[in-house]
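A short reminder: the numbers here are calculations on the coordinates, not readings from a lab. For clarity, every value in this text was computed on a predicted model and none was experimentally measured. Please note: Cβ atoms are built from the backbone with ideal geometry, for glycine as well, and neighbour counts cover all protein chains shown.
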Amino acid sequence: MQVALKIWRYDPIAGERALREYEFDAPEWATLLDCLDIVKDRIDGTLAYRKSCRMMICGSCGMRMNGAAVLACKTRMYDIAQAGEVPVISAMGNLPIVKDLVVDMEPFWGKIRAVTPWLEPGYTEPVEKERVVSQERMDVIHKESLCIMCGCCVSECNSMEADPDFLGPAALAKGMRFVGDARDEATVERLQEYSNPHGIWDCTRCYFCQERCPKGVDPRDAIAKLGAEAVRHGIDSDMGAKHAKWFVTSSKTTGWLRETELVPKTQGIAASIKEVKFAMGLLTHGKVPPPVPPHVAKDVGEARALYDLVKTQERAGAAGIVQGEKALSRLEFEDDGGERDPYGEGSFPKPLPVDKDGNE
């Protein structure tokens, strides 16, 4: 097949970037990584990019195609070539470019190190007896354990673009992998550290990390679990935690978000007074509903019953989110006839086909 690529080249010596186009023949089975190999081998040997396993395991070949982070070894080119498209290939975002498609991963690894990415078992001497953890307990961190450290989520993170000090989706997902591990004894210490400025509550919930992750890790879900665990352990002094708590309180009592009370409950009375002028402007435009009497949803009993059910089942914190993940993945899996793995392609073996009598 005939393939064309536009690649952003970067010369670190001159400090200049240039968009160059390449056209070549490639096998129909070729991936983006195969095509980059062809360019480097046959056209321009100075092209720089990373690769290693070629099997969606090592995470080395993260880059952007048309502004979206991808793994080059996972991205098939056939449909793109048949459509006559000329994709633009560039280095990942939010990381310094070293040369062409190669970025400096040191800031990425610095944030990973900052979340203490190892178990803290709470003892110094080895334990003689093996500690067996149930599958149910390990399910809490199943998705987080799939991370291959490719950096695609970091590349797309809006919060990191606005605040480079934000820990970021990859590091926080890694943090949840240990917070949720039944063998770890440093949960509170971790959550306190992750709840500092530039931590859990700095996420803008844009879900780009979730959309771009090639392995189904769902970093935003991991951050939500951390937030839920922090609140469950009483680590809620951050404004983001107060904001989240008021959402829950407002939803369970009236079924709606009572926005007129949101600022006082989140930022406090003093901060609310400073916003009176802004609030009056909203009021004159009919944007502020009267606070009394509060508007109560017709079926608010369902919201309250759901809240009570979660409490009865003792699914506070991350456990409630994990329960929701299971339900959503089941819906997704059954919705498409079992063709797609809800945790990402190749994560689980597919069930054996059965005949009309139900035999495998």
>> Just to verify a number: FRET efficiency for Val188 and Trp118, C-beta to C-beta distance, R0 = 25 Å, to 0.05?
In response: 0.90
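Sort the following peptides by mean Cβ neighbour count (other Cβ atoms within 10 Å, averaged over residues), highest first: 297-305, 122-130. Each step should come with its number before you reach the end.
Values: 297-305: 12.2, 122-130: 6.2.
Most protected by this proxy first, the peptides run 297-305, 122-130.
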>> For the pair Ala162/Val132, report the inter-label distance in nm, with labels modelled 7 Å from Cα in the Cβ direction.
In response: 4.9 nm
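About the Cα centre of the chain, how large is the charge dipole given +1 on each Lys and Arg Cβ and -1 on each Asp and Glu Cβ? Please answer in debye to the nearest 20. Walk me through the numbers before you get to the answer.
Values: 46 positive and 56 negative charges, 210 e Å.
For the chain, the charge dipole is close to 1020 debye.
Averaging sequence separations of C-alpha pairs under 8 Å and six or more residues apart, then dividing by the length of the range 2-101, give the relative contact order as a whole percent. Don't skip to the answer; put the middle values down first.
Working: 175 pairs, mean separation 36.1, N = 100.
Relative CO of the range 2-101 lands at 36 percent.
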> List the lysines whose alpha-carbon lies under 23 Å from that of Lys6, not counting same-chain residues fewer than 8 positions away?
Replying inline: Lys40, Lys51, Lys74, Lys99
> To two decimal places, what compactness ratio does the chain give when its Cα radius of gyration is scaled by 2.2 N^0.38 Å?
Replying inline: 1.18
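Ranked highest first by the average count of other Cβ atoms within 10 Å around their residues, in what order do 213-226, 9-22 fall? Working shown, then result.
Numbers: 213-226: 24.8, 9-22: 12.0.
In decreasing order of mean packing, 213-226, 9-22 become 213-226, 9-22.
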>> If I model a spin label as a point 7 Å beyond the Cα along the Cα-Cβ vector, how far apart are those points for Lys311 and Asp79 in nm?
In response: 4.7 nm
> Which lysines have a Cα less than 26 Å from the Cα of Lys242, not counting those fewer than 8 places away in the same chain?
Replying inline: Lys111, Lys174, Lys225, Lys252, Lys265, Lys274, Lys277, Lys287, Lys311
>> For the range 111-159 and the range 250-288, what is the centre-to-centre distance using only Cα atoms, to the nearest Å?
In response: 39 Å
> Once the piece of chain linking Ala48 and Val86 is laid out straight, how much longer is it, given 0.36 nm per residue of separation minus the C-alpha distance between them?
Replying inline: 11.7 nm
> Can you work out the base-10 log of I(q)/I(0) for the range 120-200 at q = 0.12, 0.19, 0.26 1/Å, using the Debye formula on its C-alpha atoms alone?
Replying inline: -0.44, -0.92, -1.26
>> Report for the range 2-101 the percent antiparallel among DSSP-assigned beta bridges with both residues inside it, nearest 5.
In response: 90 percent
>> Relative contact order for the chain: what percent, with Cα pairs under 8 Å and sequence separation of 6 or more?
In response: 12 percent
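Let me know the volume per residue of the alpha-carbon convex hull for the range 2-101, in Å³.
97 Å³
Is the C-alpha gyration tensor of the range 96-240 telling us rounded, prolate or oblate? Criteria: a/c under 1.5 is rounded; beyond that, a/b larger than b/c is prolate, otherwise oblate.
Values: a/c = 1.78, a/b = 1.45, b/c = 1.23.
It is prolate, given that a/c is not under 1.5 and a/b is the larger ratio.
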